[in-house]
1. With both partners inside chain A, how many of the DSSP beta bridges are antiparallel, as a percent to the nearest 5?
2. Measuring from centroid to centroid over Cα atoms, what is the spacing of region A:41-56 and region B:83-159 in Å?
3. If I model a spin label as a point 7 Å beyond the Cα along the Cα-Cβ vector, how far apart are those points for B:Q21 and B:L237 in nm?
4. Set the Förster radius R0 to 51 Å, insert the Cβ-Cβ distance between A:A96 and A:V45 as r into 1/(1 + (r/R0)^6), and round the FRET efficiency to 0.05.
5. Please return the longest range in chain A lying between exposed loop sites, taking trypsin sites (Lys or Arg not before Pro), DSSP loop only, at most 15 other beta-carbon atoms within 10 Å, and leaving the sites out.
6. Would you list the membrane-span-like helices of chain B, meaning whole DSSP H runs whose alpha-carbon atoms span at least 18 Å along their axis and whose mean Kyte-Doolittle value is at least 0.0?
7. Rolling a 1.4 Å sphere over the protein heavy atoms, what is the accessible area per residue of chain A, to the nearest Å²?
8. Rounded, prolate or oblate for the protein assembly as shown? Axes are the square roots of the Cα gyration tensor eigenvalues, ordered a ≥ b ≥ c, and the cut-off for rounded is a/c under 1.5.
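The values are calculated or read from the model by the stated rules, or taken from the named source; none is laboratory data. Everything numeric here is computed off the predicted structure, so don't read it as measured data. Quick reminder, even Gly has a Cβ in these numbers, built from the backbone with ideal geometry, and neighbours come from all protein chains shown. We work out accessible area using only protein heavy atoms, side chains counted, and drop any ligands, DNA or RNA first. Shrake-Rupley method; radii C 1.70, N 1.55, O 1.52, S 1.80 Å.
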Amino acid sequence: MRALAGVSLAVEEGEFFGLLGPNGAGKTTLINVVAGLVRADAGSVRVMGADVVRDYRSARRRLGVVPQELVFDPFFTVRETLRIQSGYYGIRGNDAWIDEVMQHLDLTAKADVNMRALSGGMKRRVLVAQALVHKPPVIVLDEPTAGVDVELRQGLWQFITRLNRDGHTIVLTTHYLEEAELHCSRIAMLKAGRIVALDSTRNLLARFGGSRTTARVVARDGRQFTLELAGYGDLEPQLARLRAQGVEIADLELDRPDLEQVFLALTS
Amino acid sequence: MTTFWTLFAKETLRFWKVAMQTVAAPVLTSLLYLVIFGYAFTGRVQVYDGVSYASFLVPGLVMMSVLQNAFANSSSSLIQSKITGNIVFILLPPISYLEFFAAYVLGAVVRGLVVGAGVLAVTVWFVELHLAAPAWILAFALLGAALLGSLGLVAGIFAEKIDQLAAFQNFLILPLTFLSGVFYSIHSLPAFWQRLSHANPFFYLTDGFRYGFLGHSDFPPAASLAVVAASFFVVSLLTLKLLQSGYKLRN
Ligand SMILES: Nc1ncnc2c1ncn2[C@@H]1O[C@H](COP(=O)(O)OP(=O)(O)OP(=O)(O)O)[C@@H](O)[C@H]1O
Ligand SMILES: [Mg+2]
């Protein structure tokens, strides 16, 4: 069986890139090939010019991967885990950066707690921290927000967007499409091991986002109106027209093209 | 070097944090062997002139602990990482297969030697300690632990489940150590079994190691050392090939 076929794509330096697709599409497999966790039968992958097989040392040094599976080493505390991970990358005395990462991920209070004793969401945070110990220029996050509470999710995105602003390239897979829509400037859609779309988020929304923006208006007397908008600028004139007809607006809901529609159009 | 030292330190800390299971328990087991076999056979079995059975037994028990624990360390560490999935933490960083090999084998050597030293330390309360040729003791202990550490890696690479590893341990490592002359001199065996024992590389380990304590052995210690060194060479080559290919680790 083939998990990936004919996947060819280039992520630009400094980009915030989304890798989307239904369960089993091959996102994790693709990440595993990039990370050197599995070897592809054919083809090649380079991380900032370094081939992931031939020049694996340079490739792996430039890459930080947050795996999808919630894995941990039960023998160690959070701080030990992060120190050991730094050591694997040849870094000694990394405590200043480790402390900073722990602070951003709200892990400081858990620094000396054994991994075994952490909740699922806390373990996920440690996985993110582990991927960042060596300040990799390319960060790959395989569903980083699965099972994570609202507060961390916001903190995590703040941290990740800051890293992106500082020049780190981000590759994200997620099933929360609002997250992808909000953060990713370009998106690849994967289906059954093949790329079915590869474009900027804006273009994808424009092409596959379904009909234009609509506004649903409920009047005080219970009547309902659906307004087809050419753009947001069109909203006020259309509402004014309704009011001129004596309609008193009680509720208003905007429905705009979103990634979910794009996703369904492309993958179902 | 930081990469190697970190992986080595992780391998060492891992067993040291649960020393009750990984050090104290095997020391107790060996002590039980000594008490049961030592007292049962002392005075009845005389292997070398002027050497009590218990004095004959102690080096064998120490070597057996060194070998079994070295094997247990690398194999269980690897299989646990594979099963729990935390092996990604060592597969993602730029760790070369040589560093990987050296760190796991050296971790296994430390575990083997710590347990071996523990066994020796408790047995001196019961049996007078001879140290005829300490350099041989060290050489055989180091090579034996390294050989088994390397075999442990091979087993850990091939095994996909704990029971497959247990089979490796119960059907290969355990018989080979028991039949290496820990409890008896192979000269006391029928000719066929004597010849078969010579095909067992662990026999040379136990015999040469015992020479270091007693100054007596069934086989010339230098020749034993050569056999052991050659075995280690072959097994490490195989292990390095497996690690380099990524077999069952990166697939
Ligand atoms: N170790 C494996 N052995 C055999 N097949 C596998 C293995 N891992 C994954 N697959 C298969 O490869 C395909 C791609 O899986 P992959 O995990 O890459 O999907 P994914 O896009 O990450 O899905 P999800 O959104 O559920 O994480 C699936 O059909 C899966 O069953
Ligand atoms: Mg996946």
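1. So the antiparallel bridges amount to about 55 percent of the total.
2. Cα centroid of region A:41-56 versus Cα centroid of region B:83-159: 35 Å apart.
3. It is 3.7 nm.
4. My answer for the efficiency is 0.95.
5. Answer from the scan: A:93-211.
6. B:2-16, B:53-84, B:97-123, B:134-158, B:201-214, B:221-245
7. 50 Å²
8. It is prolate, given that a/c is not under 1.5 and a/b is the larger ratio.
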